[in-house]
Amino acid sequence: SDVYKRQDWHRAMAFAGRREFGPAEEMMRRTVDQVTGSAFLLAQTTYWLAAMVTIRGRLGEADGYWRQSAELSEENGSNVEALRTLTFAIAADALARGTDGSPGLDAALARYPLGAMDPVTRPYLDVASAYAVVGNPAAARKLVDEFERTTPANHQRGLRYQYHEVLG
């Protein structure tokens with residue numbers, strides 16, 4: 001069964017791709033309101049709503065959506081997705097405000113330690129990318145090195161594109 005109207009999600013993403021963020025936000029809000037029966041989908045649609053609100057410069061409002069998405073992911077048993085959401089939110093906020101996001105990223109890692117996650121699912125590269133974006137290449141490099149040491153080789157191959165993006 002369809003737990004939300006996928007066409008609104010796709011339309012929202014299409015509008016966002018055309019940089020028409022007003023209609024994109026409106027459709028994503030509708031999508032969030034339509035989600036039933038899936039904490040994962042609610043977390044994901046709330047994540048995209050947060051992104052659209054961030055792009056439109058309403059950072060305080062966006063912060064609430066980012067936190068809601070992370071909490072839903074955590075409640076759904078996915079600390080990996082919760083950490084990914086927080087790292088993206090912290091980096092986006094730091095860029096928008098021109099502030100140092102490293103302390104927030106440090107706090108997110110303290111809350112969701114990578115060592116407590118399965119090595120295959122640890123979002124090393126997502127977090128490394130966030131550190132690089134906020135201007136902390138040393139922290140990013142440390143995470144890339146840890147990714148290289150602890151992530152199984154066959155899984156690393158599947159993330160080559162992201163690996164080289166972070167190195168860049």
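The values are calculated or read from the model by the stated rules, or taken from the named source; none is laboratory data. Predicted model only: the values in this text are computed from it and were never measured. Don't worry about glycine lacking a Cβ; one is built from the backbone with ideal geometry, like all the others, and counts go over all protein chains shown. Only protein heavy atoms, including side chains, enter the accessible area calculation; ligands, DNA and RNA are left aside. Shrake-Rupley method; radii C 1.70, N 1.55, O 1.52, S 1.80 Å.
Side notes on the structure shown:
- Largest mean-square fluctuation among Ala50, Ala107, Ala82, in a Gaussian network model of the chain whose springs join Cα atoms under 10 Å apart, belongs to Ala107.
- Using heavy atoms of the protein chains and a probe of 1.4 Å, the accessible area assigned to Val120 is about 60 Å².
- Of all complete DSSP H helices in the chain, those with a Cα span along the helix axis of 15 Å or greater and a mean Kyte-Doolittle hydropathy of 0.5 or more are 39-55, 79-97.
- 13 Å beta-carbon shell around Pro123, net charge (K/R +1, D/E -1): -2
- Annotation for the range 114-132 versus the range 79-98: alpha-carbon center distance of 13 Å.
- Of the residues Tyr161, Leu143, Ala70, the one whose Cα sits farthest towards the positive end of the charge dipole of the chain is Tyr161 (charges of +1 on Lys and Arg Cβ, -1 on Asp and Glu Cβ, taken about the Cα centre).
- Separation in nanometres of the label points that stand 7 Å from Cα toward Cβ, at Glu75 and Arg56: 2.4 nm
- Heavy-atom accessible surface of the chain: percent carbon and sulfur, 1.4 Å: 52 percent
- Surface calculation, 1.4 Å probe, protein heavy atoms: Arg141 sits at approximately 100 Å² accessible.
- Taken over the range 1-88, the convex hull of the Cα atoms encloses 82 Å³ per residue.
- Point-to-point label distance, Arg160-Met117, nm (Cα→Cβ direction, 7 Å offset): 2.3 nm
- Diffusion coefficient, µm² s⁻¹, Stokes-Einstein with Kirkwood Rh over alpha-carbon pairs of the range 66-137 at 20 °C and 1.002 mPa s: 178 µm²/s
- Descending Cα extents along the principal axes, the chain, whole Å: 43, 39, 28
- Pairwise label distance in nanometres, Glu20 with Arg149, each label 7 Å out on the Cα-Cβ vector: 5.0 nm
- Dipole of the chain, positive end: most advanced residue of Val35, Pro123, Phe21 [Cβ charges, Cα centre]: Phe21
- Charging the Cβ of each Asp and Glu at -1 and of each Lys and Arg at +1, and nothing else, the dipole of the chain about its Cα centre rounds to 420 debye.
- Note on the chain: helix-only mean residue ellipticity at 222 nm, from DSSP H runs of 4+ residues weighted -39500 (n - 2.57) and normalised by residue number, equals -24000 deg cm²/dmol.
- Surface exposure of the chain, expressed per residue as accessible area with a 1.4 Å probe, stands at 52 Å².
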